[in-house]
1. Keeping to region 163-197, report how many residues are in a loop (DSSP other than H, G, I, E, B), open to solvent by 10 Å² or more (accessible area, probe 1.4 Å) and more than 16 Å from ligand 1 (Cβ to nearest atom).
2. Check region 185-202 and report whether any residue there is out of contact with any Pro (no Cβ under 8 Å at 6 or more places or on another chain), under 23 Å from VAL20 (Cα atoms) and either more than 16 Å from ligand 2 (Cβ to nearest atom) or without any contact (Cβ under 8 Å) to a residue 12 or more places away in the chain (or both).
3. Of the residues in region 34-90, how many are open to solvent by less than 20 Å² (accessible area, probe 1.4 Å), part of a helix (DSSP H, G or I) and farther than 24 Å from GLY117 by Cα?
4. From MET141, MET207, grab the single residue that is within 16 Å of ligand 1 (Cβ to nearest atom), at negative phi and either surrounded by 18 or more Cβ atoms within 10 Å (Cβ to Cβ) or at pLDDT 95 or above (or both).
5. Would you say ALA227 is touching a Gly at 6+ places or on another chain (Cβ under 8 Å) and farther than 16 Å from ASP98 by Cβ?
6. Please go through (1) of a type outside the set (Asp, Glu); (2) touching a helix residue (DSSP H, G or I) at 6+ places or on another chain (Cβ under 7 Å); (3) free of Cβ contacts under 8 Å to residues at least 60 places away in the same chain for ILE147 and return the number of the only condition it doesn't satisfy.
7. What pairs can you find where one residue is in region 109-121 and more than 16 Å from THR70 (Cα to Cα), the other is within 16 Å of ligand 2 (Cβ to nearest atom) and part of a strand (DSSP E or B), and their Cβ atoms are less than 7 Å apart, with a gap of 6+ or different chains?
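The values are calculated or read from the model by the stated rules, or taken from the named source; none is laboratory data. None of the values given here were measured: they were computed from a predicted structure. Please note: Cβ atoms are built from the backbone with ideal geometry, for glycine as well, and neighbour counts cover all protein chains shown. Each accessible area value is taken on the protein alone, full model and side chains, heavy atoms only, with ligands, DNA and RNA left out. Shrake-Rupley method; radii C 1.70, N 1.55, O 1.52, S 1.80 Å.
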Amino acid sequence: MIYLKTREEIELMRESALLVSRTLGLIAAEIKPGVTPLYLDKLAEEYIRSNGGIPAFKGYQGAHGPFPATLCISINEEVVHGIPKDKPLLEGDIISVDCGVKKNGFFGDHAYSFAVGEIKEELKKLLQVTKECLYKGIEQMVSGNRIGDISYAIQQHAEKNGYGVVRELVGHGLGKNLHEEPEVPNYGSRGNGPKIKEGLVLAIEPMINLGKKNVKQLNDGWSIVTADGLPSAHFEHDVAIIDGKPEILSSFAFVEEALNKK
Ligand code: MG
Ligand code: MG
């Protein structure tokens, strides 16, 4: 069942989304070689709790038990759901930082992929194109279109650039639950899937691999990695349909401000 949101509910969701956005901004300022993902995770948890939110991923039940952290930090060949560890980040790494909060009964959930220090040109391009995929998907989120129009736009842009599009993990509806219907695959065909209607709120999240599309899960029960060991990138926004058009409730402005100061 797809839960469409009222304007009032969307405003509450914007608050939850922006708490995630500000948390990612705080993390962006701290990312550099030598810093540990575990340290970033502690910062995020303190910030979320001191701003009236609850970390949404911590304790989230998976097939093999609860997720242990506030952030999913996925490094290089890790696609998503990486568990923050105390091993320092290295110059040249790329990391996806995914963050979820619950505030006022509603969830915010989005992600940004970062460079650690200087990275190779091919990785800069992977980050750039994955972010472009996200915005190309969002452009298609208009009343009357279908979910497949979003999926198609993302897949086309990624594959045009020679990248692999992850199939096993998808975007999703967002609201009083962290994951609601409909699923939002990053691959698909135009005119397929549920219709996009006023009040729909989606977390759109392309996961794009430098190499092939295939992924596998590590023995920790969470981390998803590319099968060929090549790097992967991930960007996510929370988007609502207002007056038939997509409005991005989350914001990368806090992240970009922090990165510009570096
Ligand atoms: Mg997420
Ligand atoms: Mg998500």
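1. Counting residues in region 163-197 that are in a loop (DSSP other than H, G, I, E, B), open to solvent by 10 Å² or more (accessible area, probe 1.4 Å) and more than 16 Å from ligand 1 (Cβ to nearest atom) gives 12.
2. yes
3. 1
4. Being within 16 Å of ligand 1 (Cβ to nearest atom), at negative phi and either surrounded by 18 or more Cβ atoms within 10 Å (Cβ to Cβ) or at pLDDT 95 or above (or both) holds for just one of MET141, MET207, which is MET207.
5. Judged against the criteria, ALA227 is not a match.
6. Among (1) of a type outside the set (Asp, Glu); (2) touching a helix residue (DSSP H, G or I) at 6+ places or on another chain (Cβ under 7 Å); (3) free of Cβ contacts under 8 Å to residues at least 60 places away in the same chain, ILE147 violates only (2).
7. SER113/SER96; SER113/ALA233; SER113/HIS234; PHE114/VAL97
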